[in-house]
1. If I filter the range 17-39 down to residues being surrounded by 14 or more Cβ atoms within 10 Å (Cβ to Cβ) and among the aliphatic types (A, V, I, L, M), which single residue comes out as nearest to the chain's Cα centre (by Cα)?
2. Find the residue count for the range 43-61, including only residues that are in contact (Cβ under 8 Å) with a residue 12 or more places away in the chain and closer than 23 Å to residue 13 by Cβ.
3. Look at residue 5 and say whether it is in a loop (DSSP other than H, G, I, E, B) and at pLDDT below 90.
4. If you scan the range 40-56, which residues turn out to be of a type in the set (Lys, Arg) and either loosely packed, with under 14 Cβ neighbours inside 10 Å or more than 14 Å from residue 23 (Cα to Cα) (or both)?
5. Among the residues of the range 57-72 satisfying the criterion of being out of contact with any helix residue (DSSP H, G or I) (no Cβ under 7 Å at 6 or more places or on another chain) and among the aliphatic types (A, V, I, L, M), which is surrounded by the most Cβ atoms within 10 Å (Cβ to Cβ)?
6. Against the definition (modelled with pLDDT of 90 or more, among the basic types (Lys, Arg) and not in a helix (DSSP H, G or I)), how does residue 53 come out, yes or no?
7. Please determine, by comparing only the residues of the range 56-72 that are of a type in the set (A, V, I, L, M, F, W, C) and outside any helix (DSSP H, G or I), which one is modelled with the lowest pLDDT.
8. If I filter the range 28-45 for residues that are in contact with a helix residue (DSSP H, G or I) (Cβ under 8 Å, 6 or more places away or on another chain), modelled with pLDDT of 95 or more, of a type in the set (Asp, Glu) and not in a loop (DSSP other than H, G, I, E, B), do I get at least one hit?
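The values are calculated or read from the model by the stated rules, or taken from the named source; none is laboratory data. Quick caveat, the model's predicted, so the values are computed rather than measured. Here the Cβ positions follow ideal geometry from the backbone for every residue, glycine too, while neighbour counts run over all protein chains shown.
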Amino acid sequence: MMKNKTIFWDYNLNNLDLKNPHVKTWLLNRKLKFGDLSDISKKDLKKFLSVLKIENSIKELLQNYLKSNARC
């Protein structure tokens, strides 16, 4: 997953463990709060959307996207 330096300016992401679900959730939250959808897979959205701490309107938009594009 691409790590945008304008979003993650305050963290060193070189050794980020994306297999850790807490790290993955944190990364997805941060990317989505900044409106960065790059390199976020439908599979990850489907898996983590229910636990993401993002605005309800964004969460609803993503839920509708996943429903209309069910193949993940």
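1. Initially, the range 17-39 is screened for residues surrounded by 14 or more Cβ atoms within 10 Å (Cβ to Cβ), giving 24-33, 36.
If we keep only those that are among the aliphatic types (A, V, I, L, M) as well, we get 27-28, 32.
Numbers: 27: 6, 28: 2, 32: 6 Å.
Once the filter is applied, the top-ranked residue is 28.
2. 10
3. yes
4. Listed by number, the residues that qualify are 42, 43, 46, 53.
5. For the range 57-72, the residue satisfying everything is 61.
6. yes
7. First, pick out the residues of the range 56-72 that are of a type in the set (A, V, I, L, M, F, W, C): 58, 61-62, 66, 70, 72.
If we keep only those that are outside any helix (DSSP H, G or I) too, we end up with 70, 72.
Values: 70: 68, 72: 55.
Of everything passing the filter in the range 56-72, 72 is modelled with the lowest pLDDT.
8. Within the range 28-45, one or more residues are in contact with a helix residue (DSSP H, G or I) (Cβ under 8 Å, 6 or more places away or on another chain), modelled with pLDDT of 95 or more, of a type in the set (Asp, Glu) and not in a loop (DSSP other than H, G, I, E, B).
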